[in-house]
1. Only loop residues by DSSP count here, and only those with at most 11 other Cβ atoms within 10 Å; note down the trypsin sites (Lys or Arg not before Pro) in region A:64-152 that meet that.
2. Under 12 Å from the Cβ of A:Leu52, count the other residues' Cβ atoms, weight Lys and Arg +1, Asp and Glu -1, and hand me the total.
3. Hey, rough spin-label estimate for A:Ile148 and B:Ser9, points 7 angstrom out along Cα→Cβ, what's it come to in nanometres?
4. Provide the net charge surrounding A:Ser90, with neighbours chosen by a C-beta distance below 14 Å and charges set as Lys +1, Arg +1, Asp -1, Glu -1.
5. For region A:68-131 and region B:145-181, write down the distance between their C-alpha centroids in whole Å.
6. For region A:180-266, what is the relative contact order in percent, using Cα pairs closer than 8 Å and at least 6 residues apart in sequence?
7. State, to one decimal in nm, how far the label point of B:Val157 lies from the label point of B:Asp184, with both points 7 Å from Cα in the Cβ direction.
8. Taking θ = phi - 60°, what integer Hz values does the Karplus form 6.51 cos²θ - 1.76 cosθ + 1.60 yield along region B:128-135, in sequence order, with x for Gly and Pro?
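The values are calculated or read from the model by the stated rules, or taken from the named source; none is laboratory data. The model shown is predicted, which means the values in this text are computed figures rather than measured ones. Please note: Cβ atoms are built from the backbone with ideal geometry, for glycine as well, and neighbour counts cover all protein chains shown. The accessibility values were calculated without ligands, DNA or RNA, using every heavy atom of the protein model including side chains. Shrake-Rupley method; radii C 1.70, N 1.55, O 1.52, S 1.80 Å.
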Amino acid sequence: MSTFIQQLINGITLGSVYALISLGYTMVYGIIKLINFAHGDIFMVGAYIAYLSVTYLKLGLIPSLIVAMAFCSVLGMLIEKFAYKPLRNSPRISALITAIGVSLLLENLMQIIMGADSRVFPRLVTEKNYYLFQGKIVVNNKQIYLLIITVFLMIILNFVVKKTKIGKAMRAVSQDMDAARLMGINVDTTISYTFAIGSALAAAAGVLVGLYYNTINPLMGVLPGLKAFIAAVFGGIGIIPGAMLGGFSLGIVETLVSGYGSSMYKDAVAFALLILILIIKPSGLLGKNIKEKV
Amino acid sequence: MKKRLLVYSAFVVVLYLVITFLIKIGIIDDYIKLNLFLIMLNIILAVSLNLINGITGQFSLGHAGFMAIGAYTTAVLTTLEKPVPFYLTVLIGGLFAMICGFIIGLPVLRLRGDYLAIATLGFGEIIRVIIQNIDYLGGASGISDIPQGIDWTGYFVTTVLSVVVILNIINSSFGRAMIAIREDEIAAEAMGINTTLYKVLAFMIGAFFAGVAGSIYSGSFGFIQPDMFNFFKSIDILVIVVLGGLGSVSGSIISAIVLTIISALLQDYPAVRMVLYSLILIIIMLFRPQGLMGTKEIRLSKLIPIGGEKNA
């Protein structure tokens, strides 16, 4: 039983990272129906920016988190402007191929700039373990940081989407882009903001992963990116609470698989989960079935 | 029609004889020969992926997984105590990949567009992870010392056969059904085309040839590792197909040749090569989304006036 709870705690930690990244996927997909393959790499860039600002500017955790989020939101907007916007009326496959291209570009540019090897992420917090239930369960203070920051960011996001004008515009555009445009909403700006917010969240996740695992590398975004996408589909792509639910469930499933089975299979299980959900309920756990227009 | 066939056969035979001659007199050394093998490998992979992605319009990102199946089949069967003849293992590898293509294709091909892309990517990765976890297959370190079973002639014949078979499929009624599905799936279904059948069929044939390519890869390079067949390998093949034009076989062949030469030249700078690949993908999509050739084909019989038909 204690192993189970321990795995659950680790799973929630991992899941919160997936949830943060998949929020960006879901928001972008909800608005322009594009799987932003480069999202996982923005997560990686975020980790590197934080690494640089900690190493060279000697900033602490929260300031470097903010720097990384700011940098990546600009990066996300630029990518959208130059790579995705010209393709808004092309077939979706063209946009998908472009997104794959952007993803490869970010990964390999980073390899050229920073080298292909892993780097040690500076220790920003002194590690402390808390032992619960007579030492049967260990909670790390980094895990607590991670969870607090994630939940905090999610609350802010919820506020932005539900209460602010830009959030209202985002919801309107995702409902019906043309109708929103007719109502006087600037669709391009709204899409741009969506990318900015999503990328900022991915960057935050990148920083937290760097903090948690103490190591970063240029390809670190590939698998978490794919898995965050799986999480988004699992919860119902385009639905914000779905992304959170999907992220946490995927994290928990993964740690349970590596806890009880083999950690080697955890990636395969994630993909199997994706294929199962696509076949059984393609709209995801929280999604509604929509008939395809002919 | 007969004249066209004559032109093509003549071209293929001359090409074969010229290169064999160059190898004999040593102008083509081992290094160039190696890259020649890679070019032909990429031609098989690109043409077979084009059948799925370009002709049938079903976006698949799992081609490397099928290649892995073929590669490992050959590696295992030729290193047994009583080794199976090499070309038999190529056939078995292809068929095995084809069966996996059927098992994967049947449920997954109900999905469309980007969902299909992700699902096939997932299957490709699942295949790789499973192979990596089977100790018998050498785990992450792979299998080495696979006996060399194929030479230049074998490579050439396999490549030509693959391309000819796929071209014939495209130009048959099967191919027309596949193109109809690409153009408009719903309309194709309304015209009485069994879309599931043709989509799965295209997927299986594509998988078969990816398996063949994997088999001859392990039979010629002697060493395989699960990581060689990861998601990035699938992207490599995708870049070739997209650059050549989704739907153009000759485009795939040309871009397989060009891109393999480019990556051979950039061998020492893998990151630069990938930056180039990614820029090619982005720029092609922004400025010429149909690829260099679109869906057009280069017809040799038109280029060579003697054998060409007057109004082909």
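1. Within region A:64-152, the qualifying trypsin sites (Lys or Arg not before Pro) (loop, at most 11 other Cβ atoms within 10 Å) are A:Arg123, A:Lys128.
2. So the environment of A:Leu52 carries a net charge of +2.
3. 8.0 nm
4. Residues close to A:Ser90 contribute a combined charge of +4.
5. 38 Å
6. It comes to 12 percent, rounded to a whole number.
7. 4.6 nm
8. 5, 5, 4, 4, 4, 9, 9, 4
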